[in-house]
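The values are calculated or read from the model by the stated rules, or taken from the named source; none is laboratory data. Because the structure is a prediction, the values reported are computed rather than measured. Positions of Cβ are generated from backbone atoms using ideal geometry, with glycine treated the same way; all protein chains shown enter the neighbour counts.
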């Protein structure tokens, strides 16, 4: 077995939604990012890449590469799943925590879990997604941005 962890953060900016785990979540602001700014998928990709000892998401999808400007982060996750399979691993489970005061994640958890499971090619029961606030402390607490952390357990297939 291998385990990896990931973390991602993006500042709020112009827009009317945020992407979380491949799901478009209505919000009064968008995210400042090179791709779609999906903190859930970015943290999860880093967890998988870390477990495989393959660097981080920037190693695979450089923010300096214009091909990834505005990109749908789900393609990043599908790439991570493909590398996992190529190296002889399958997903044991993932645990993701979204960190921020807004938007409310709870109403979207089921959809996020289904989306992540589809891209990872696994049962939704292997995917945990939850959210927490920072009790109004720090940049997330002040409503300046949103973050996510993820842990992935990979099993040798």
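If you check residue 26 against the conditions, is it surrounded by fewer than 16 Cβ atoms within 10 Å (Cβ to Cβ) and in contact with a strand residue (DSSP E or B) (Cβ under 6 Å, 6 or more places away or on another chain)?
For residue 26, the condition - surrounded by fewer than 16 Cβ atoms within 10 Å (Cβ to Cβ) and in contact with a strand residue (DSSP E or B) (Cβ under 6 Å, 6 or more places away or on another chain) - is met.
In segment 79-89, how many are surrounded by fewer than 17 Cβ atoms within 10 Å (Cβ to Cβ) and out of contact with any strand residue (DSSP E or B) (no Cβ under 7 Å at 6 or more places or on another chain)?
Selection size over segment 79-89: 5.
Taking the residues in segment 13-22 that are assigned to a strand (DSSP E or B) and without any contact (Cβ under 8 Å) to a residue 40 or more places away in the chain as candidates, determine which candidate is farthest from residue 139 (Cα to Cα). First the steps, then the outcome.
Taking segment 13-22 as the starting set, the residues that turn out to be assigned to a strand (DSSP E or B) are 13, 17-20.
Okay, now just the ones that are also without any contact (Cβ under 8 Å) to a residue 40 or more places away in the chain, so 13, 17.
Numbers: 13: 13, 17: 19 Å.
Filtering first and then ranking leaves 17.
Go through (1) more than 21 Å from residue 113 (Cβ to Cβ); (2) touching a strand residue (DSSP E or B) at 6+ places or on another chain (Cβ under 7 Å) one by one and return the number of the condition residue 56 breaks.
The failed condition is (2).
Look through segment 11-22, keep the residues that are in contact with a helix residue (DSSP H, G or I) (Cβ under 6 Å, 6 or more places away or on another chain) and surrounded by 22 or more Cβ atoms within 10 Å (Cβ to Cβ), and return whichever of them is nearest to residue 105 (Cα to Cα).
If we filter segment 11-22 for residues that are in contact with a helix residue (DSSP H, G or I) (Cβ under 6 Å, 6 or more places away or on another chain), which is where we start, we get 20-22.
Checking which are surrounded by 22 or more Cβ atoms within 10 Å (Cβ to Cβ) leaves us with 20-21.
Values: 20: 8, 21: 10 Å.
If we take residues in segment 11-22 being in contact with a helix residue (DSSP H, G or I) (Cβ under 6 Å, 6 or more places away or on another chain) and surrounded by 22 or more Cβ atoms within 10 Å (Cβ to Cβ), then 20 is nearest to residue 105 (Cα to Cα).
Could you tell me which of the residues 25, 40 is modelled with pLDDT of 95 or more and outside any helix (DSSP H, G or I)? If you could, list the steps in order and put the result at the bottom.
On the way: 40 fails: outside any helix (DSSP H, G or I).
The match here is 25.
Take residue 8 and tell me if it is surrounded by 15 or more Cβ atoms within 10 Å (Cβ to Cβ), modelled with pLDDT under 95, farther than 15 Å from residue 102 by Cα and under 12 Å from the mean Cα position of the chain (by Cα).
no
Sort through 152, 157, 117, 148 and tell me the only one that's in contact with a strand residue (DSSP E or B) (Cβ under 8 Å, 6 or more places away or on another chain) and free of Cβ contacts under 8 Å to residues at least 12 places away in the same chain. Working first, answer last.
On the way: 152 fails: free of Cβ contacts under 8 Å to residues at least 12 places away in the same chain; 157 fails: free of Cβ contacts under 8 Å to residues at least 12 places away in the same chain; 148 fails: free of Cβ contacts under 8 Å to residues at least 12 places away in the same chain.
When all the criteria are applied, what remains is 117.
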